[in-house]
Amino acid sequence: MTSQAILNSMPIELQDKTVWQIGEALKEVGLSRSTYFRWVKAGRVPDVVFRDRNGRRVFTREEIEQLKSVAQQLLNPNPQTLLTFGV
């Protein structure tokens, strides 16, 4: 899902902020729920600021972009680091 695609999805207005549900946000980032929650628990990524009236996480545009940036760093290790074994 591209940034344009999420902007066309179903945003929610919450406390004068536009937010997206967790499924939409993680789909754009290309991250599974289990990985996201594991990263939050491990402190690799910050938890969201807002939750909806049912207590579910919702993401601002800034949080989605920040998560996307961190995910790219964690999922794409430094290509200059080459490990060799048994050479």
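At a 10 angstrom cut-off on C-beta neighbours, averaged per residue, how do the peptides 40-46, 21-27 rank from highest to lowest?
Highest-to-lowest ranking by the protection proxy: 21-27, 40-46.
For the stretch 29-69, give the percent of accessible area contributed by carbon and sulfur heavy atoms, probe 1.4 Å, rounded to a whole number.
Solvent-exposed carbon and sulfur of the stretch 29-69 make up 48 percent of the total.
Pull up the cross-link candidates among the aspartates and glutamates for K68, meaning alpha carbon to alpha carbon under 19 Å and not fewer than 8 places away within one chain.
E24, E28, D47
How far apart, in nm, are two points set 7 Å out from the Cα along the Cα-to-Cβ line at E13 and at Q66?
A separation of 2.4 nm, rounded to one decimal place.
The values are calculated or read from the model by the stated rules, or taken from the named source; none is laboratory data. Note that this is a predicted model, so its numbers are computed, not measured. Please note: Cβ atoms are built from the backbone with ideal geometry, for glycine as well, and neighbour counts cover all protein chains shown. SASA here: full protein model, heavy atoms, side chains in, ligands and nucleic acids out. Shrake-Rupley method; radii C 1.70, N 1.55, O 1.52, S 1.80 Å.
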